[in-house]
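The values are calculated or read from the model by the stated rules, or taken from the named source; none is laboratory data. For clarity, every value in this text was computed on a predicted model and none was experimentally measured. Please note: Cβ atoms are built from the backbone with ideal geometry, for glycine as well, and neighbour counts cover all protein chains shown. Ligands, DNA and RNA are excluded from the accessible area calculation, which covers all protein heavy atoms including side chains. Shrake-Rupley method; radii C 1.70, N 1.55, O 1.52, S 1.80 Å.
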Amino acid sequence: MEVLILVLSLVIDSFVASIAYGADKIKIPNLYIIIMNIISCLILTFSLTLGSYLEDIMPSYLPKYISFSIFVILGVYKLFEGFFKKYMSKFIEDKEQLTFKLFDFKFILEVYIDETKADFDESKTISLKESIYLAMALSIDSLAVGFGASFININPLLMIIFCFIFGICSIKLGSFIGKKLLPKNSNKNLSWLSGLCLLLVAFLKL
């Protein structure tokens, strides 16, 4: 149950982003959808592995509290993520306030705030490079969630497999909904659902 809830919390952002892409008639080729989810799963695997390694050298009582803290902090943030993104977008738009660029961090931050900016050449088709940027922006939460999940009694392999399958399905379904059912520039904020999922897991495993 916890695995499903955590995976849902991770794929909600991909689902919402793909709705926006579908509404704007931006196509994500099937091959790049697979590549995006491979990247997401690799990031999740890294955080799960790192957490498992650190758990072995921590006092036995500590991992549970670290996991609880991670899920609560990230859950609360996700509840209000829409407001935070609006605040951050003001700095992105002001070139004088944000002019640095480190390993394309600025661009990834822009994509995190507005996923449709990954199509930076405005070709209406996501390229390989753009799909990698998008995957990295959408996988930021996976680092924290995977790290927290490694401290609770879950099956990490099952979580990775579910993340890959659900991730592909969320993008395909979101693109279909955006293309067929919503007007252009539709971008629904459902990050609060992710926040509720993380808070639920935090208190279930307390």
Expected unfolding gain across residue 25-residue 204 under the 0.36 nm per residue rule, minus the alpha-carbon gap, is 60.4 nm
Taking 41, 169 and ranking on accessible area (1.4 Å, protein atoms only), highest first, one gets 169, 41
Full extension between residue 49 and residue 153 adds, at 0.36 nm per residue less the Cα distance, a length in nm of 36.0 nm
Heads up, the stretch 1-88 by the C-alpha gyration tensor (a ≥ b ≥ c square roots of eigenvalues; a/c under 1.5 rounded, else a/b over b/c prolate, else oblate) looks oblate
Extension length gain for residue 176 and residue 58 (0.36 nm per residue less Cα distance), in nm, is 37.9 nm
Distance in nm between residue 80 and residue 192 label points, each 7 Å along Cα→Cβ, equals 1.3
